[in-house]
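The structure appears right after this line, and notes come after that.
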Amino acid sequence: MQNKIEVSMGKGAVTAAPHVILSSGLGSCVVVTLYDTERKLGGLAHIMLPDSSSLNGYHPPYKCADTAIATLTKELRSMRASPRNMVAKLVGGAKMFLSSDDFSPGVGKQNITSVKRILKQKRIPVIGENTGGNYGRNVEFYLDSGKVMVRAIGREDKEI
C-alpha cells in the first residue's frame with residue numbers, strides 16, 4: 001500500500017517510493033515535481049509566486065519559485081539524490097480570472113516562466129508539463145514510477 005502525503009498551497013514535501021504526494025486546488029499556482037529516476041526519490045512544491053525578491057521578511061520556503069526549487073534540490077541532495085538523475089514535471093499556472101488588461105500575462109504565466117528559467121539554470125530538464133489554460137487541477141505524484149497524474153473537473157485525466 002502506498003502512503004499518501006498531502007501538500008497544500010505554499011508547501012512542499014520530499015520523500016521516497018512507495019509514497020504518493022498529492023496537491024489539489026491548483027489555479028495560477030504551479031506544482032513542480034523533481035524526481036531522481038535512479039533512487040526513486042522525489043519532491044513536490046506547490047508554488048504561489050514567481051519570485052521572493054518582492055516579499056519583505058520571512059516567507060515559507062515553498063511559497064516562491066526561487067526558494068522552493070532551491071529547497072527541493074537541497075532536501076533531495078540530503079537524501080542522496082543525484083542532480084544528474086533529476087528530472088522535473090510542471091502542472092498549473094492557469095489564468096483563472098479575466099482582467100481588464102488582456103495583455104497582462106497574469107501570475108500563472110509568470111510562475112511558469114520563472115520555474116522554467118530556474119530549472120534551466122540548474123540544468124534540470126523538464127520532461128513533462130500540463131500548464132496554462134483557465135481551469136484548476138489536482139496532482140498525484142507517484143514516487144515508485146515518477147508518474148504524475150493530473151485531474152481536472154470536466155476533463156480527461158492526463159499522465160505526464
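Bear in mind that the values in this text are calculations on the coordinates, not laboratory data. This structure is a prediction, so every number in the text was calculated from the model and none was measured. When we count neighbours, we look across all protein chains shown, and the Cβ atoms used for this are built from the backbone with ideal geometry, even at glycine.
Please report the Cα spread of the chain along all three principal axes, rounded to whole Å, starting with the longest.
In descending order, the Cα extents are 48, 39, 25 Å.
Mind listing which chymotrypsin sites (Phe, Trp or Tyr not before Pro) in segment 1-87 are in a DSSP loop and have 16 or fewer other Cβ atoms within 10 Å?
Numbers: sites: Tyr35, Tyr58, Tyr62; in loops: Tyr58, Tyr62.
Passing both the DSSP loop test and the Cβ count: Tyr58.
Rank Ile47, Ile118, Ile69 by mean-square fluctuation in a GNM of the chain with C-alpha springs under 10 angstrom and give only the top-ranked residue.
The residue with the greatest mean-square fluctuation here is Ile118.
Would you mind finding the longest exposed-site-free stretch of the chain, with exposed GluC sites (Glu not before Pro) meaning DSSP loop and at most 14 other Cβ atoms within 10 Å? Let's see the in-between values first.
Details: sites that count: Glu38, Glu156.
Longest site-free region, per DSSP loop and neighbour criteria: 39-155.
Over all directions, how big on average is the projection of the convex hull of the alpha-carbon atoms in segment 1-87, in square nanometres?
Numbers: hull surface 23.8 nm².
Quarter of the Cα hull surface area: 5.9 nm².
Could you identify which residue out of Gly133, Gly43, Gly27 has the top mean-square fluctuation in a GNM of the chain using Cα springs shorter than 10 Å?
The residue with the greatest mean-square fluctuation here is Gly133.
Below 8 Å, C-alpha to C-alpha, sequence gap of six or more: please give me the relative contact order for the chain in percent. Don't skip to the answer; put the middle values down first.
Values: 396 pairs, mean separation 44.0, N = 160.
Taking the mean separation of contacting Cα pairs over the length of the chain, I get 28 percent.
Report the residue, chosen from Lys74, Lys109, Lys40, that carries the largest GNM mean-square fluctuation when the chain is represented by alpha-carbon nodes joined by springs under 10 Å.
Looking only at Lys74, Lys109, Lys40, the biggest GNM fluctuation is shown by Lys74.
Under 14 Å between C-alpha atoms is the cut-off here; go through the chain and count lysine pairs that meet it, provided they're at least eight residues apart or on different chains.
Pairs that pass both the separation and distance tests number 9.
Take Arg155 and Asn134, extend 7 Å from each Cα along the Cα→Cβ direction, and tell me the distance between the two endpoints in nm.
Those two pseudo-labels are separated by 1.3 nm.
Any idea what angle helix 65-78 forms with the longest principal axis of the chain, computed on alpha-carbon atoms, 0 to 90 degrees, nearest 10?
0 degrees
Using only helices, what value at 222 nm comes out for the chain when you add -39,500 (n - 2.57) per DSSP H run of length 4 or more and divide by the total residues, to the nearest 500 deg cm²/dmol?
Numbers: 2 runs with 30 residues, N = 160.
Helix-only estimate at 222 nm: -6000 deg cm²/dmol.
I'd like the orientation of helix 106-121 relative to the chain: the angle between its Cα long axis and the longest Cα principal axis, in ° from 0 to 90, rounded to 10.
Roughly 40 degrees, rounded to the nearest 10.
If one computes P(r) from the Cα atoms of segment 112-156, what percent of pairs lie at distances over 14 Å? Kindly include the intermediate steps, with their values, before the conclusion.
On the way: 605 of 990 pairs.
For segment 112-156, the fraction of Cα-Cα distances above 14 Å is 61 percent.
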